[in-house]
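> Got a structure for you, written out below as C-alpha cells; questions coming shortly.
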Amino acid sequence: MYACSDPQPPNLGGSKIMKKEIIISGFGGQGVLSMGKILAYSGLMEDKEVTWMPAYGPEQRGGTANVTVIVSDERISSPILSKYDIAVVLNQPSLEKFEPKIKPGGILIYDGFGIINKPTRKDITIYEINAMDKAAEMKNGKVFNMIVLGGLLKVAPVVSDKGVEKALYKTLPERHHGLIPLNMEALKEGAKIITEVK
Amino acid sequence: MAQEKEVVLMKGNEAIAHAAIRCGCDGYFGYPITPQSEVIETLAELKPWETTGMQVVQAESELASIYMVYGAAGAGKRAMTSSSSPGIALMQEGITYMAGAEVPGVFINVQRGGPGLGTIQPSQGDYNQATRGGGNGDYKVIVLAPSSVQEMADFVDLAFELAFKYRNPAMILSDGVIGQMMEKVVLPPFKPRRTDEEVIKECPWASTGKPKNRERVVITSLELKPEAMEKRNLALQEKYRKIQENEVRFEQQQMDDAEYAIVAFGSAARIAEKSVEIAREQGIKVGLFRPITLFPFPEKQIAELSKKVKGILVAEINAGQMVQDVRLAVNGAVPVDQFGRLGGIVPDPEEIVEALKKLI
C-alpha cells in the first residue's frame, strides 16, 4: 500500500453514487461538533466512507464552531472544502459565512431562532427549522442538535434513522443509553417541523 | 479495547495512541500542546501500563520528553514522543544527540503554524526542519508523512521498524488537519512488547547491563578526536545513502495520461486529490504525486515524472519548502510552481486549481 499504486478507477459520476459534503455551523455549545459526530458515526454504521473535520481551537469556548462532515459511497479526497452540498447554519455569522459557499442546487437549513437576516439565494433550496422552540417545548435544550439533525435527514436522507440509533448505542457510554429514546424522539420531531422556505 | 480488524472512527491523534500500544511500544513520554494533545489524553484513558506494560509519562517539558525517549531507546526500548511545531523545535537538541549516538526512536510532529508560538491551526511549515535534520550537525531523520487517519495508525509501527533497522530517529510529520480529523480506521493487530531477552538479542548496541563476556557499550554523540569523528560522520552518510536507496515510498494518482502533476504531501495531498478531481472535470489532464517518505525524498521518481509532464505544481501549506527538493529533482526540465497558504490557513481545493491554471 505504500509503494507506487495503480491509478484510481475513474469516477463514473453516475447517479447511484452518493456523496454529500456538509457544513454544520453555529455557536460553541450548541452541539455542532456532536451533531457532526453522530452523523459521521451513523455513516460508519451504514458502511459509508466518512470524514469529520472540526474547526478546532478557541471556537469551542463560546465563539462560532463549525464542522465539515462528508458522507460518501466512495473514497473521500479532501476533508477541507470550498463549496458544500448542504449547509446547516445555527446563527447569523454562520449564515453569512456559508450561504455563498453552497453549490447551486444545494441545500441551506437554518434555525429560525438564531437568524434575523434571512438567506436570499434563489438557486438553492432553503429550509427553516425552529429547533430552538421545539427543544424548549420538549423541555430539554440538550436535544436541540438532534432536532436539527432530524430535519437535515428528512430533506437529505444521507443516513437512515436506524443508522443514527445504532450510532448512538455504539458511541454513548452504557449509562447514557436510557437517553437514546428521547434523542430518537427529537430526531423524529425535527423531521416533522422542517419546512421549505419559498 | 477495540477488537482487531474492527473499523472504527477516530481522530488521527487518537489513532497514534492506539497504534503505539498495539505495536509493542514500551514507553511514551510527552508534554501536551495543541493540536496533538489527544495523543497523551488517549493514552491516559487507555492505561496501557495496566495491559501491555507500556509506560506513559507526562514529562515536565518537551526537552525532558525527548531525553526520556533517548534514555529508554538507549536501553533498546521502543520509545516515542509527540508534540506540535514549537515543542518539536525544543526537542531538536535531543534528536541530534540521538542521531549522533545512533539511537532509534520515534517522534511525531502534528504541525501548526509558525514561526515562534505562531498559531494552533494546521501548517506544513516544518518541512525543512524535518528533512534537514533540524538540529546541529550533518544528520538526517527518517520522515514519514501520513495523509489519512489510517496512515497515522499504520506509520507508528513502520516508523519503529525503520528506526530500529537503521538505528536512527524516525519522525512522523503530520499536521493539525490529520491530527484533528476523524476518519474510518482499521487498527493494526496487537504485537507483544519485546522481552528483555529479545531486546538483548536484537540490540547488541543497547545498554542492557554488562555481562562479563562482553565489552561495555557506550552510547554517546561526543567524540573529541576529529579523525574518529570524521569516520563516524562518513558512516552516518553511508547509512543515509542506504536509506535513500531502499526506503523511498510514494503514491501516484491519475498520472497515466497526465500532462501536468501536482506534487503534495500529507494533508495538502488530500486537498490536492480533490483539486485533481475538479481540474479533470474542467478537462485539465492532471495527476497527483504524493511523497510518503520526505527523507528519503523520491527524487529519482520525480525526475522521471518531469520527463512525462509539461509542468509541476507543488502544493504545500507553507511559503515554499518541498518545492526546493522538487526543483532539485526536476533540474530545470519543466517549470515548477508552488502554491501555499500560511499562518494556519489551509488552502481549499479550488485555490490549488487556480494556481494550476496559472502554471498552464
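> Under the condition of being part of a strand (DSSP E or B) and away from chain A (no Cβ under 12 Å), which residue from the range B:246-261 is nearest to residue B:300 (Cα to Cα)?
Applying the filter and picking the extreme gives B:261.
> Go through the residues of the range B:65-85 one by one and say whether even a single one is within 14 Å of another protein chain (Cβ to nearest Cβ) and in a helix (DSSP H, G or I).
Looking for residues that are within 14 Å of another protein chain (Cβ to nearest Cβ) and in a helix (DSSP H, G or I), one finds none in the range B:65-85, hence no.
> So, one more: Mind checking which helices (runs of 4 or more DSSP H) fall wholly inside the range B:91-187 and carry at least 1 residues that are under 22 Å from residue B:319 (Cβ atoms) and in contact (Cβ under 8 Å) with a residue 12 or more places away in the chain?
B:127-131, B:176-180
> How about the range B:31-49: which of its residues are in a helix (DSSP H, G or I), more than 14 Å from chain A (Cβ to nearest Cβ) and free of Cβ contacts under 8 Å to residues at least 12 places away in the same chain?
B:49
> Further question on the same structure: Residue under question is residue B:230, and the condition is that it be part of a helix (DSSP H, G or I) and within 14 Å of chain A (Cβ to nearest Cβ); does it hold?
no
> How about the range B:172-190: which of its residues are more than 9 Å from chain A (Cβ to nearest Cβ) and either over 18 Å from the mean Cα position of the chain (by Cα) or over 19 Å from residue B:127 (Cβ atoms) (or both)?
Of everything in the range B:172-190, those that are more than 9 Å from chain A (Cβ to nearest Cβ) and either over 18 Å from the mean Cα position of the chain (by Cα) or over 19 Å from residue B:127 (Cβ atoms) (or both) turn out to be B:185, B:186, B:187, B:188, B:189, B:190.
> Go through the range B:269-303 and count every residue that is touching a Lys or Arg at 6+ places or on another chain (Cβ under 6 Å) and not in a strand (DSSP E or B).
Residues that pass the stated criteria total 2.
> Let me ask something else. In a helix (DSSP H, G or I), hydroxyl-bearing (Ser, Thr, Tyr) and modelled with pLDDT of 85 or more - does that describe any residue in the range A:23-41?
Yes - at least one qualifying residue is present in the range A:23-41.
> Could you list all residues from the range A:94-149 that are over 17 Å from residue A:188 (Cβ atoms), basic (Lys, Arg) and in a helix (DSSP H, G or I)?
A:97, A:101
The values are calculated or read from the model by the stated rules, or taken from the named source; none is laboratory data. What you see is a predicted model, and the numbers here were worked out from it, not measured in a lab. With ideal geometry, Cβ positions are generated from the backbone for all residues, glycine too; neighbour counts draw on all protein chains shown.
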